[in-house]
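Note sheet for the following structure.
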Amino acid sequence: MNLASAPPQARRSRRPDPDLSRGAAPASIRSCVRGVGSALPARVVPNEELAAKVDTSDEWIVQRTGIRQRYVAGPGETTSTLAAKAAEAALGAGGLKPADIDLIIVATSTPDLTFPAVATQVQALLGIVEGAAFDLQAVCTGFVYAVATADKFLRSGSNKRALVIGAETFSRILDWGDRTTCVLFGDGAGAIVLEARDSDGRLASPGIIASRLRSDGRHRSKLYVDGGPSTTQTVGHLRMEGKEVFRHAVGMVTDVIQGCFADAGVTADEIDWFVPHQANRRIIDATADKLGIARDKVIVTVDKHGNTSAASIPLALDVAVKDGRIKPGDLVMIEAMGGGFTWGAALICW
Ligand code: UT7
């Protein structure tokens, strides 16, 4: 049999089952993806529109980042409304009702309000009155952190079905006069439903197989927002030493990805899809090349969405599921790096 054309399950059945004792999911329960959905603001802002406002050009933005356009929230569109729309779409894709959910985690750095959490606003918008809902803040790594957190809740047996959402309106914390940051970010939301299911623990059994989370606060001033309730009593604006972030990004994410590979006992060439955080096409390509992941296995949406921080991975997942690339049984690697610094990765059998 030609291994390249074999279905993923057949391909992996040739391998010995990995040692799942070091950070990978135990045999009894796995957190399985039941549905995925997303929501984008109505307004698209192409590079040319920004070039009319700040000293930049479509050519510079495309060459340095791969971004061609981004979506920007308008009146009435907030992080919670986008999150709720993405959640509804994920529930619909999974054939579920809001009442089937007993945990909501929203990864965001741009909540509607300082409190209550966006997650409780989503809970109310969906009419859910049971279970728990909270926000998680790990900036661009937020969705990976939220997936790993939900996985631990589900595998503990405390909850059955989780909505894991990445939702952002970074347009509301950008300094629109700063060309070094305002061209990079966009708004949007993506969601997945994770469901606890019995698993035989084999690699080809659906669910989250491994995850690794890291942070290092020594880098906190390289990407931050210059305001907040306890300092300025304002929301503040995003500030970034872009070159410094770039310099650390590839090495940091490569480390956690290789950790997941080791935990699951797989090699880079065995994964079916690589869904990285969408910050910069050059970072995505350099990471894939360093790991030896073929470029045609990389899901890229940064050209259309820009950097939507915690929303970028679930937005990309939804695109790749809808266009038929990601299919049940596929091995999918997600990874991100962002402010803090935080970074992380998770390996999922779809
Ligand atoms: O999601 C969280 C993680 N964030 C990231 O991963 C972002 C990581 N960083 C990056 O993606 C890149 O560093 C940037 C896209 C932010 C910048 O790209 P770069 O290749 O590192 O450019 P640079 O900062 O070295 O700037 C090169 C030049 C500078 O001019 P001089 O000093 O060479 O004359 C900048 O002033 O480009 C200039 N520049 C711009 N020119 C036109 C900076 N921003 C712009 C702009 N348009 N928007």
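The values are calculated or read from the model by the stated rules, or taken from the named source; none is laboratory data. As the structure is a prediction and not an experimental result, all values here were calculated from the model. With ideal geometry, Cβ positions are generated from the backbone for all residues, glycine too; neighbour counts draw on all protein chains shown. With ligands, DNA and RNA removed, areas are computed over all heavy atoms of the protein, side chains included. Shrake-Rupley method; radii C 1.70, N 1.55, O 1.52, S 1.80 Å.
Numerical summary
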| item | result |
| --- | --- |
| Under 5 Å, built H, 5+ apart or other chain: amide partners of S109 | A310 |
| Charge context of K243, other residues only, Cβ under 13 angstrom, K/R +1, D/E -1 | +2 |
| Helix 312-322 axis, angle to the chain major axis (alpha carbon atoms, nearest 10°) | 60 |
| Segment D285-K53, length gained on full extension (0.36 nm per residue, minus Cα span) | 80.6 nm |
| Most fluctuating residue given options S80, S38, S215, as computed from a GNM of the chain linking Cα atoms under 10 Å | S215 |
| Segment 30-199: antiparallel DSSP beta bridges as a percent of all, rounded to 5 | 70 |
| Accessible area of segment 178-307 belonging to carbon and sulfur atoms, whole % at 1.4 Å probe | 50 |
| Between helix 79-93 and the chain: long-axis angle, C-alpha atoms, 0 to 90°, nearest 10 | 30 |
| Hz values of 3J(HN,Hα) by residue in segment 131-144 - Karplus curve (6.51, -1.76, 1.60), Gly and Pro given as x | x, 10, 9, 8, 8, 9, 10, 9, 6, 5, 8, x, 5, 5 |
| Most mobile listed residue (A89, A167, A99) in the chain, GNM with C-alpha springs under 10 Å | A99 |
| Note, ³J(HN,Hα) from phi for segment 250-257, Karplus 6.51, -1.76, 1.60, rounded to Hz, x at Gly and Pro | 5, x, 5, 6, 4, 4, 6, 5 |
| Choice from R282, R155, R247 showing the highest fluctuation, given a GNM over the chain with Cα pairs closer than 10 Å | R247 |
| Table column - 3J(HN,Hα) (Hz), segment 62-78, Karplus curve with 6.51, -1.76, 1.60, x for Gly and Pro | 5, 5, 8, 10, x, 7, 10, 7, 8, 9, 10, 5, x, x, x, 9, 10 |
| DSSP loop GluC sites (Glu not before Pro) with at most 15 other Cβ within 10 Å excluded, longest remaining stretch of the chain | 1-129 |
| The chain - mean residue ellipticity at 222 nm from DSSP helices (-39,500 (n - 2.57) per run, n ≥ 4, rounded to 500) | -9500 deg cm²/dmol |
| Antiparallel %, DSSP beta bridges [both residues in the chain], to 5 | 75 |
| Cα-based reach from K297 at 12 Å (exclusive), listing aspartates and glutamates while leaving out same-chain residues under 8 positions away | D269, E270, D272, D285, D289, D330 |
| For segment 207-349, alpha-carbon Rg relative to the globular expectation (2.2 N^0.38 Å, N residues) | 1.09 |
| Pair K152, V235: separation of 7 Å Cα→Cβ label points (nm) | 3.1 |
| Euclidean distance of C-alpha centroids, segment 235-307 and segment 127-149, integer Å | 21 |
| 24 Å Cα cut-off, lysine pairs counted over segment 30-199 (separation 8 or more, or different chains) | 5 |
| Accessible area of the chain divided out per residue, in Å², using a probe of 1.4 angstrom | 40 |
| Spatially proximal lysines relative to K290 (Cα-Cα < 26 Å; intrachain offsets below 8 disregarded) | K222, K243, K304, K327 |
